[in-house]
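Let me begin by presenting the structure, written as structure tokens, before commenting on it.
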Amino acid sequence: MGKEEALEELFKSLKMSFKNASIYPPEHPALKKSVSEVKEKIDVALNYLSPLKISFTPNSLLVDGQYFEKESLYEELARTFHVQRIKMIEVKQGLSVEELMTFLTKAYLSPKEILKKGGFSHILEEEKITHLAVEELDYSQLLKGEGEEIKDIWPHLLHEAVEKEDIKKISELADNFEKVVGHFKIEELLENEQFKGNINKFFTQLQNMGKDKFRKCSKELLKSIVKSQNISRETKLEKSRTFFKDLSNEDIASTLLEEIITDEDFNSLSFQIFSELSERTRHKNIAGSFKEQFQKESILHSSPKIREKIKELMTGSSSSVISEVYRETLSALLRDMSSEGEMTFDQKQLQKNYHFILLSLLEEEQRKKRVVNTLEKILDEWDNIIRERNLEYFKHIIEVLNKRRGDLTSEPVFTNINTKILDYMVDQLALREKSHVDFEDFITYLQGSFLSSKPYLDKIFQEEKINTQIMKFFFRLYPDSLPLFKKNLKEKSSDTKFIKKLLESLEEADSPESKEIYKYILSSGTESTKIEVLKTVQQSSAYDEKHLFSLLEKGSDSLKKEALGILIKDESTKEKALEKLFSIPSFFGTKNKILLDHVRIVREMDLTETKDNLVTLSRKKFFWNKKLKEEASKVLEKWDARKN
């Protein structure tokens, strides 16, 4: 065997081992066998090249000055290593199977995990691997990526850059800050002292390098903190101010102007938080700079949209807490913008103000009769309140209702408005599932309302409004309503489209209730819905082993196939499941039809592990076993031909 042939065999074996390492745990026989084979191929290759160095590009391999490329084997192997940021591996004489096994399993760590552990070279060092070394790609190249990948890697690159005071890397991180800051969970940044400290060091070093990048990054972080809805105002103020102490009055003012112009969700509460992130002694100068910058943008003066935005900031429910300095500035700008020199309110704005007046009366009124009358007026206005799409208003109303719960519990209007609030919450969750954090206050409030589960069930089963959050919130509000849920589900058991949507929602919810609902559909649903359940269960842990074995014994071929697909994924049930398929007594061929079906199932699923069972069937005597013998033999011939 020559050098090229030895390398070719090594590459084939290495590819197979990587595939097995991605599927099986280290103790699995298939992985152990393939790793031993790689070790043997490496030993052969080391006879020609010692040490053996293999370099990787995105699409090719390089060994001893020779490129291996333009074939799927080389390209797939090169991509595997390149994705893991490994530029080159060097293998020395004496490499053990244990060292190789550790290397292959560690190669599947994510970039985030590798960086956490100090890089791949450090991992090998910790694992005491001395006969294999790697050269890693520069992880800063990942900054060219997007989304989750860059979000996960950025904090680790930041820590490394600020600790080493690496000017080049700090500059690269600043260039990507705008792209990555939108993916941060601001609450994680504020609660993680190391991350928070690194951001402060980052800003300090940016100032030393020049103001432009510091200004740009500080302004982007300021916008993200103001927009974040997952943390309280108090936490924002307490833990964020330090970031912006060196940001100039002009930069804070320009950031405020940008938010008012570009962010439709920027409201009076956002304005309040924005202003409080800077010291009160700076407010006058910031407001003055804001007014000056606004006046320079002459196009804004004639914009009805901007005029309405400023009106909303001054009349929103949180407008009273905006400092007087900013209120005067906004008022002055409005006077300048209005040809009549005064604020004019349209019908829509008057209606909005009326709703807030009703809310104030509900909070302040002491006489129960007046409280009930006010609540009835709010109920009369409910459709208009909904159209305003003001989540802030709803948060205020449940806060007030919670305070007055003792006075209103026995009043029908209280039950009616709680039902309306529930309807609103489910409708909003159906529209924007990812914003579920906004509704934690609703859940906390409704948990104490003793509201019937019927309105919620109607939303799910009549209006078919269903997703992961709707399901999670249902069982949080009504933890004892599983029997009632099943009763409603029974009426929809033949609606495959609905059942599929329900199963997708339950899969992500992955709760104890999910498991119970799966079992219920498997016991009472139609054939098609049962198959949908089994397909969903394959992706989750919510399955009942006993029920799956029951399907394997008594289910249709389609159900058996799906159940088997789940059982063979777990080594603890795989052998038992395969044995159950072929341990059926068939005196005089009475059960041969079932055995034939099982042969077809293992053929379709390519379960070569059942070869011994098929060999036994192919050797059966007597004429009544002829068809069974032929079918088993065909499958064996097909497998043997492919192997050869």
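The values are calculated or read from the model by the stated rules, or taken from the named source; none is laboratory data. All values reported here derive from a predicted model rather than from experimental measurement. Reconstructed Cβ throughout: ideal geometry from the backbone, glycine too, with neighbour counts over all protein chains shown. All accessible areas refer to the heavy atoms of the entire protein, side chains included, with ligands and DNA or RNA removed. Shrake-Rupley method; radii C 1.70, N 1.55, O 1.52, S 1.80 Å.
Data overview
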{"read-out": "Cross-link pairs K33/K620; K201/K309; K15/K128; K41/K117 - those with Cα-Cα distance over 28 Å", "value": "K33/K620; K201/K309; K41/K117"}
{"read-out": "Structure-based [θ]222 nm, the chain - -39500 (n - 2.57) summed over DSSP H runs of at least 4, per residue, nearest 500", "value": "-21000 deg cm²/dmol"}
{"read-out": "Expected-Rg normalisation [2.2 N^0.38 Å, Cα atoms] applied to the stretch 384-505", "value": "1.09"}
{"read-out": "Derived scalar couplings ³J(HN,Hα) [the stretch 463-477; Karplus, 6.51 cos²θ - 1.76 cosθ + 1.60; whole Hz; x for Gly, Pro]", "value": "8, 6, 8, 8, 7, 4, 5, 4, 5, 4, 5, 4, 6, 6, 6"}
{"read-out": "Evaluated at q = 0.06, 0.10, 0.12 Å⁻¹: base-10 log I(q)/I(0), Debye formula over Cα of the chain", "value": "-0.56, -1.15, -1.29"}
{"read-out": "Rounded FRET efficiency, nearest 0.05, which uses the C-beta distance separating K454 from N402 and R0 of 30 Å", "value": "0.85"}
{"read-out": "Backbone HN-Hα couplings from phi across the stretch 161-171 [Karplus 6.51/-1.76/1.60, Hz, Gly and Pro as x]", "value": "5, 6, 5, 8, 6, 7, 4, 5, 5, 4, 5"}
{"read-out": "Spin-label model distance (nm) - T616 vs R642, 7 Å beyond Cα toward Cβ", "value": "2.2"}
{"read-out": "Label-point gap, in nm, between V44 and K490 - each point 7 angstrom along Cα→Cβ", "value": "6.6"}
{"read-out": "Å² of accessible area per residue within the chain, as computed with a 1.4 Å probe and no ligands counted", "value": "52"}
{"read-out": "Virtual spin-label span in nm between S550 and E575, 7 Å along Cα→Cβ", "value": "2.7"}
{"read-out": "Accessible-area composition of the chain, carbon plus sulfur, in percent [1.4 Å probe]", "value": "47"}
{"read-out": "When the stretch 50-132 is reduced to its Cα atoms, the Kirkwood hydrodynamic radius in Å", "value": "13.5"}
{"read-out": "Stretch gain in nm, segment H28-D166, where the contour uses 0.36 nm per residue and the Cα spacing is subtracted", "value": "45.3 nm"}
{"read-out": "Length added when fully stretched, R241-R335, from 0.36 nm per residue minus Cα-Cα", "value": "30.6 nm"}
{"read-out": "Phi to ³J(HN,Hα) by Karplus 6.51 cos²θ - 1.76 cosθ + 1.60 over the stretch 388-400, Hz, x for Gly, Pro", "value": "6, 6, 10, 4, 4, 4, 5, 5, 5, 5, 6, 5, 5"}
{"read-out": "Relative contact order (%) - the chain, alpha-carbon pairs under 8 angstrom, separation at least six", "value": "5"}
